[in-house]
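**Student:** This is the structure I have questions about; it appears just below.
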Amino acid sequence: MVSRWLARWSALALLLVLPVLSHAAGLRLAWDYTQGTDPAVKFRVYRQVGCAGAYVALTPDVQPVALTPTLTTYTFLDSTLAVGQTYCYHATAFNATGKESGVSVPPVTFQMLGVLNDPVNMRGTLEP
Amino acid sequence: MRWWLSLLLLLLLALPAHAATRLGLLVTQEELNIWRTRMTSSATINGVTFQSIYQNRLLADANLFRAQSHPGGDGFWVGYTGAGCLWLDLNSSEANEPHGSRFFRGNGADLNRSAFVFLLTGDVSYATPVKTELLNQIAQAGTDWANTSKFCLSQSPPVGKTYLTPFEFVPWLMRLLLAYDFLNAGGYTGFTPTQKTQIETWFTNAATFFHGMEVLGYSFGCYQGIFSTPQDLTPIGGSPCSDNNLTLYFNGPTIKFGTTWFFNQGTLAPLLDAAVGVLTNNATLKTYASKAVTAFLTVGLTDNGAHDDFSRWQDCLPQYECPGAMWAHAGGTYSALTQAMDILARTGDTSLYSRVVANQTLGQSGASVGWQKAVTLWAQMANKTTLLYGTTDVTHQTTARLLSWDTDIDPNNPGFVNTGNYYDFSSMAANLFYQDAAVTTAMGRALKGTNTNLAPASCNDQQFGGCFSGVWGFWPDLPFLYGNMQGVVNPYTLSAGVLAPPTNLRVVP
């Protein structure tokens, strides 16, 4: 069911190209969620390497202690990126019985061009 | 033709209420909508209006709690501050228990009602002190359930002490847990994610500890495979397990020693497991609960739905026969098992409520038994359509020994004190599922006295947090929540609803 939804929406993917990441921790994704009449208890983020082929679930699932009924933002950190690779992402919600929602639309596409390391060992000298 | 149309109309009216949207352990959106109308409703249950119940038994108690100094208000317990392991002291069985000041065995009942009033009204002034108490409580070193030097499962108790029972710990924990759940169900936003994790970890540690104690308790019993996979309910053969124990009522069955493990105090750990298991989506705890309840329903009931607690009219022997003690102790079993099954059923798993099996209880004949049979029997006793007497003496079949709600005997008083005991009101919750006519009649009966939570003239034992919260004080007020709700709501068939997808997926710094 999920893969069918993913395939349907992948053609609408928007390309979000960030030239570099500012640090090496990874890519942080965020999404908004408002509970429907069938309450969700957790989220799952899917990733497609090269924006082709199968979407693969990333782990762990995002399982807030309790989802609030009002609009709330949740996040996921993908720290398994390779320089030069392009990725597409979707997210879904699950209810308490394991039923999965449709996917978030549109999907997010991200191209990992490189890592811009943070400056280190900043120092100065006293002028006479 | 008109006859058929009438029949069709009746059938349509008799259809179960529509599916529900779950908000919490004990609340659906449909129920909450009705409760909110009841706050000002002049409709009645038990001879009093819902509005008066809200004002006098819910809001009044919530206001008492709100006006207290927090932390340290109702619900607080410093915990076990002594050295070494906490054991049950055989010479002082109620030492080191979380007693309250207003309700001795109902600590946290007012806190619980404050959380419920927040759920009804959205007024955060009723939620904030609940939050303060919960955060303070989980910070008490004396209630650190994960501290194995205080809460010991791997050591043997010294002379004069024995393994801890869940009574009164679990009823107190349940009041706090349900209060927390009422806040969440009402959309309370005052907890940080970290605080929620800490609170739920604390409850999980408590459930894990008391399950450990439950396992230790059953290790001395006659059923060693209750928590095995698959469950094995084969009893240990021979004496003492097959020995006769107590007679449940006049001309009733005499249960075997092995069956006496299935009594009121044994129902508490399964309830906590069910509640924490559902709250935190912990499959292990939910399985513990399900197995323990399954065991009770399979090897703990007699053929007619009675159980060990029916024998408690003998508590006052040799001096008196005290039917009120039976009604109270049986109420503990009914309250805890019903709430455990109800919490699980409200996730869509109604298998325990609907379980009917050939009885395997020692000495019984294999009749079909299930929880409805037990609940219905108790209702018939309340309605006096089934007359059971707390005696073995043929000359003692008198009204004063009738096992029913309005019979009581004060063991400290040679005279009979006929008042009213509402311990069977937990069946209001079960009757949302069963919609049993006898239960409906019993639950709608007119009561005695003023019907406030602390009114000895109308309720003979208000120590657990009032007369309307079940024996252990689990519910804020049973008649308000579930009175006359059978056939009106169906919290067990969850709405297919709309499982919304996430939106606005994006990359963030």
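**Student:** Report the residue count in the stretch B:111-157 for those that are among the β-branched types (Val, Ile, Thr), more than 24 Å from the chain's Cα centre (by Cα) and more than 18 Å from B:TRP77 (Cα to Cα).
**Tutor:** Adding up the residues that qualify gives 4.
**Student:** Further, regarding this structure: Of the residues B:THR247, B:THR267, B:THR260, only one is within 21 Å of B:LEU297 (Cβ to Cβ), touching a strand residue (DSSP E or B) at 6+ places or on another chain (Cβ under 7 Å) and surrounded by 16 or more Cβ atoms within 10 Å (Cβ to Cβ); which?
**Tutor:** None of the other options fit; the residue is B:THR260.
**Student:** Going by the conditions given, is B:PRO491 at pLDDT 85 or above, within 14 Å of another protein chain (Cβ to nearest Cβ) and within 23 Å of B:THR28 (Cβ to Cβ)?
**Tutor:** Yes, satisfied.
**Student:** Tell me yes or no: at least one residue of the stretch B:81-94 is of a type in the set (S, T, N, Q), without any contact (Cβ under 8 Å) to a residue 12 or more places away in the chain and within 30 Å of B:THR197 (Cβ to Cβ).
**Tutor:** no
**Student:** Continuing with the same structure: Could you check, for the stretch B:315-325, whether at least one of its residues is part of a helix (DSSP H, G or I), at pLDDT 95 or above and either touching a Leu at 6+ places or on another chain (Cβ under 9 Å) or of a type outside the set (A, V, I, L, M, F, W, C) (or both)?
**Tutor:** No, because not a single residue in the stretch B:315-325 is part of a helix (DSSP H, G or I), at pLDDT 95 or above and either touching a Leu at 6+ places or on another chain (Cβ under 9 Å) or of a type outside the set (A, V, I, L, M, F, W, C) (or both).
**Student:** Follow-up. Residues in the stretch A:77-116 that are assigned to a loop (DSSP other than H, G, I, E, B), at the interface with another protein chain (Cβ under 7 Å from one of its Cβ atoms) and either over 19 Å from A:TRP31 (Cα atoms) or of a type in the set (Phe, Trp, Tyr) (or both): how many?
**Tutor:** The number of residues fulfilling the criteria is 3.
**Student:** Same structure, new question: For B:TYR353, are the conditions met, namely being out of contact with any helix residue (DSSP H, G or I) (no Cβ under 7 Å at 6 or more places or on another chain), among the aromatic types (Phe, Trp, Tyr) and either assigned to a loop (DSSP other than H, G, I, E, B) or surrounded by fewer than 16 Cβ atoms within 10 Å (Cβ to Cβ) (or both)?
**Tutor:** Answer is no for this residue.
**Student:** Taking the residues in the stretch B:367-425 that are modelled with pLDDT of 95 or more and charged (D, E, K, R) as candidates, determine which candidate is surrounded by the most Cβ atoms within 10 Å (Cβ to Cβ).
**Tutor:** Taking the candidates together, the pick is B:LYS373.
**Student:** Does B:PHE65 satisfy the criteria of being more than 14 Å from chain A (Cβ to nearest Cβ), crowded, with 16+ Cβ neighbours inside 10 Å, in contact with a strand residue (DSSP E or B) (Cβ under 9 Å, 6 or more places away or on another chain) and modelled with pLDDT of 95 or more?
**Tutor:** For B:PHE65, the condition - more than 14 Å from chain A (Cβ to nearest Cβ), crowded, with 16+ Cβ neighbours inside 10 Å, in contact with a strand residue (DSSP E or B) (Cβ under 9 Å, 6 or more places away or on another chain) and modelled with pLDDT of 95 or more - is not met.
**Student:** Moving on to the next point. Considering only the stretch B:275-303, state which residues are of a type in the set (A, V, I, L, M, F, W, C) and under 24 Å from B:SER368 (Cβ atoms).
**Tutor:** Listed by number, the residues that qualify are B:ALA289, B:ALA292, B:VAL293, B:ALA295, B:PHE296, B:LEU297, B:VAL299, B:LEU301.
**Student:** Something else now. Name the one entry in B:ALA442, B:ALA446, B:ALA457, B:ALA438 that is under 21 Å from B:ARG57 (Cβ atoms) and either modelled with pLDDT of 95 or more or part of a helix (DSSP H, G or I) (or both).
**Tutor:** Among B:ALA442, B:ALA446, B:ALA457, B:ALA438, only B:ALA442 is under 21 Å from B:ARG57 (Cβ atoms) and either modelled with pLDDT of 95 or more or part of a helix (DSSP H, G or I) (or both).
**Student:** Here's a check for you: in the stretch A:32-59, which residue that is under 12 Å from A:PHE94 (Cβ atoms) and of a type in the set (Gly, Ala, Ser) is farthest from the other protein chains (Cβ to nearest Cβ)?
**Tutor:** Ranking the candidates gives A:ALA57 first.
**Student:** Return yes when B:ARG113 is touching a residue at least 40 places away in the same chain (Cβ under 8 Å), basic (Lys, Arg) and either farther than 28 Å from B:ASP477 by Cβ or in a helix (DSSP H, G or I) (or both) and no when it is not.
**Tutor:** The answer is yes for B:ARG113.
The values are calculated or read from the model by the stated rules, or taken from the named source; none is laboratory data. Computed from a prediction, not measured in an experiment: that's the story for all the values here. FYI the Cβ positions are ideal-geometry reconstructions off the backbone, even for glycines, and counts take in every protein chain you see.
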